[in-house]
Amino acid sequence: MAKGIASIGECMLELSGRSGSDWRMGFAGDTFNTLWALHALSPDRPATYVTAFGDDPFSRDQIAFFGQNGIGVGNSPVIAGARPGLYAITLTGAERAFTYWRSDAAARQLASDPRALAKSLENQALVYFSGITLAILDEAARKTLLTAIVAARKAGSVVAFDPNYRPRLWQSREIAQGAIIEALAVADIALPTFPDEQMLFGDATPQTTAERLGKLAGEVVVKNGEQPALIARNGASQIVDALHVAAPVDTTGAGDSFNGGYLAARLAGHTPGDAARRAHKVAAAVVQVRGALAPFETLRAAFHS
């Protein structure tokens, strides 16, 4: 029986915690942030981050960091002459803004070897990806990716997808809509964020989002910041209140960590409602630390509280 968890996408170099002219460098990216939480909360499941790496020192450091934290890279290709993308976080209070350097990142070639990609997705209980995963790929690579995900699903993997719409990564809104609808059609669990869906599809309410996505994916969890999450499954819906954090430190990675908490709970057999309650606790813990990756102990304490 498949036990592994695999997440597909781009992990970048993260510059955060600026103090004068000094920055702290780490590693983060939406699908990696989710896998980080998933791995912390499902320590008995082998974790694999599926991407592509450069052959530069930063890529080697990235692979080493994954390994030090018990995360493998499967058959992810190493691309000669390539390097990771980079982003910097600037904060106004706890709210963050991002500056990116990612146009030639190695991760854009994560589907360059279809056989290696398929191999990385073998024997996975869960396969997770996002709209950012799709956005960094060209059309042919997106088709290769979805083909590999469909094969994994047929082999028994549960597929989870967060549309995570970022307009600057797409050539047009229409292309993003088409690609995201295709991805939702191969997903078992959809984890959209309402403001993103409102921007991309014009949804009026979270209920509108849940109804639209429910025609494609069997289980939908609509996140909405500090507003309640809406779960729609098998024709029934449920509201789960979020937790208010009076003095957040840094909201980076909150939604990604919610996804990790939710998916970890579902893999462990919790109901969708209980999974969302635990996920809210995880997200609330993450916004109280700097950067996208909270310590494993912090995530576990929140999840089990």
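The values are calculated or read from the model by the stated rules, or taken from the named source; none is laboratory data. The shown structure was predicted, so the numbers you read here are calculated from the model rather than taken from an experiment. Here the Cβ positions follow ideal geometry from the backbone for every residue, glycine too, while neighbour counts run over all protein chains shown. When the accessible area is computed, the model is the full protein with side chains, heavy atoms only, and any ligands, DNA or RNA have been set aside. Shrake-Rupley method; radii C 1.70, N 1.55, O 1.52, S 1.80 Å.
Could you check how many residues of segment 222-242 are closer than 21 Å to Ala254 by Cβ, open to solvent by 80 Å² or more (accessible area, probe 1.4 Å) and touching a residue at least 12 places away in the same chain (Cβ under 8 Å)?
Counting residues in segment 222-242 that are closer than 21 Å to Ala254 by Cβ, open to solvent by 80 Å² or more (accessible area, probe 1.4 Å) and touching a residue at least 12 places away in the same chain (Cβ under 8 Å) gives 3.
Those residues that are surrounded by 15 or more Cβ atoms within 10 Å (Cβ to Cβ) and among the basic types (Lys, Arg), I need them from segment 164-196; list them, please.
Arg166
Out of the residues in segment 94-150 that are among the hydroxyl-bearing types (Ser, Thr, Tyr) and not in a loop (DSSP other than H, G, I, E, B), which is most open to solvent (accessible area, probe 1.4 Å)? Don't jump to the end; show me each part of the working.
Initial filter on segment 94-150 (among the hydroxyl-bearing types (Ser, Thr, Tyr)): 99-100, 103, 112, 120, 128, 130, 133, 144, 147.
Subset that is not in a loop (DSSP other than H, G, I, E, B): 99-100, 120, 128, 130, 133, 144, 147.
Numbers: Thr99: 66, Tyr100: 76, Ser120: 5, Tyr128: 1, Ser130: 0, Thr133: 1, Thr144: 37, Thr147: 95 Å².
Going through the qualifying residues, I end up with Thr147.
Per-residue answers, yes or no, for (1) open to solvent by less than 40 Å² (accessible area, probe 1.4 Å); (2) touching a Ser or Thr at 6+ places or on another chain (Cβ under 9 Å); (3) at negative phi:
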residue	(1), (2), (3)
Asp56	yes, no, yes
Arg60	no, no, yes
Ala64	no, no, yes
Gly70	no, no, no
Gly74	no, yes, no
Ala80	no, no, yes
Arg83	no, yes, yes
Tyr87	yes, yes, yes
Thr90	no, yes, yes
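Quick check: is even one residue across segment 234-251 part of a loop (DSSP other than H, G, I, E, B) and polar (S, T, N, Q)? Before you say what the answer is, go through the steps one by one.
The first filter runs over segment 234-251 and keeps only residues part of a loop (DSSP other than H, G, I, E, B), leaving 234-235, 241-251.
Those left that are additionally polar (S, T, N, Q): 234, 251.
Checked segment 234-251: at least one residue is part of a loop (DSSP other than H, G, I, E, B) and polar (S, T, N, Q).
Filter segment 76-132 for residues that are of a type in the set (Ser, Thr, Tyr) and within 18 Å of the chain's Cα centre (by Cα); which is nearest to Pro192 (Cα to Cα)?
Filtering segment 76-132 for residues of a type in the set (Ser, Thr, Tyr) gives 76, 87, 90, 92, 99-100, 103, 112, 120, 128, 130.
Checking the rest, the ones that are also within 18 Å of the chain's Cα centre (by Cα) come to 76, 87, 100, 120, 128, 130.
On the way: Ser76: 27, Tyr87: 23, Tyr100: 23, Ser120: 25, Tyr128: 13, Ser130: 10 Å.
Looking at residues that are of a type in the set (Ser, Thr, Tyr) and within 18 Å of the chain's Cα centre (by Cα), I get Ser130.
Go through segment 153-176 and give me each residue that's over 16 Å from Ala217 (Cβ atoms) and part of a helix (DSSP H, G or I).
Across segment 153-176, the qualifying residues are Lys154, Pro167, Arg168, Leu169, Arg173, Glu174, Ile175, Ala176.
Name the single residue that is modelled with the lowest pLDDT among those in segment 11-37 being of a type in the set (Asp, Glu) and open to solvent by 10 Å² or more (accessible area, probe 1.4 Å).
Result: Asp22.
Condition first: in contact (Cβ under 8 Å) with a residue 40 or more places away in the chain, open to solvent by 50 Å² or more (accessible area, probe 1.4 Å) and assigned to a helix (DSSP H, G or I). Now tell me which residues in segment 263-288 satisfy that.
Within segment 263-288, just Arg266 meets the criteria.
Given the conditions (1) touching a strand residue (DSSP E or B) at 6+ places or on another chain (Cβ under 9 Å); (2) hydrophobic (A, V, I, L, M, F, W, C); (3) not in a helix (DSSP H, G or I), and given that Ala183 satisfies all but one, which numbered condition is not satisfied?
Of (1) touching a strand residue (DSSP E or B) at 6+ places or on another chain (Cβ under 9 Å); (2) hydrophobic (A, V, I, L, M, F, W, C); (3) not in a helix (DSSP H, G or I), only one is false for Ala183: (3).
Just one of (1) touching a Leu at 6+ places or on another chain (Cβ under 9 Å); (2) within 22 Å of Asp162 (Cα to Cα); (3) modelled with pLDDT of 95 or more trips up Tyr100, so point out which.
(3)
Which one of Ile79, Ile89 is at pLDDT below 95 and of a type outside the set (Phe, Trp, Tyr)?
On the way: Ile79 fails: at pLDDT below 95.
Matching residue, one of Ile79, Ile89: Ile89.
Scan Thr271, Thr251 and give me the residue that is out of contact with any helix residue (DSSP H, G or I) (no Cβ under 8 Å at 6 or more places or on another chain), among the polar types (S, T, N, Q) and within 22 Å of Phe27 (Cβ to Cβ).
Values: Thr271 fails: within 22 Å of Phe27 (Cβ to Cβ).
Being out of contact with any helix residue (DSSP H, G or I) (no Cβ under 8 Å at 6 or more places or on another chain), among the polar types (S, T, N, Q) and within 22 Å of Phe27 (Cβ to Cβ) holds for just one of Thr271, Thr251, which is Thr251.
State all residues of segment 294-305 that are open to solvent by less than 40 Å² (accessible area, probe 1.4 Å) and not in a helix (DSSP H, G or I); if no residue qualifies, say none.
The one that is open to solvent by less than 40 Å² (accessible area, probe 1.4 Å) and not in a helix (DSSP H, G or I): Ala294.
Against the condition crowded, with 19+ Cβ neighbours inside 10 Å and out of contact with any helix residue (DSSP H, G or I) (no Cβ under 6 Å at 6 or more places or on another chain), how does Ser42 come out, does it pass? Can you show your working first?
On the way: crowded, with 19+ Cβ neighbours inside 10 Å: yes; out of contact with any helix residue (DSSP H, G or I) (no Cβ under 6 Å at 6 or more places or on another chain): no.
So Ser42 fails the test.
Quick check: is even one residue across segment 197-213 under 20 Å from the mean Cα position of the chain (by Cα), surrounded by fewer than 23 Cβ atoms within 10 Å (Cβ to Cβ) and outside any helix (DSSP H, G or I)?
No.
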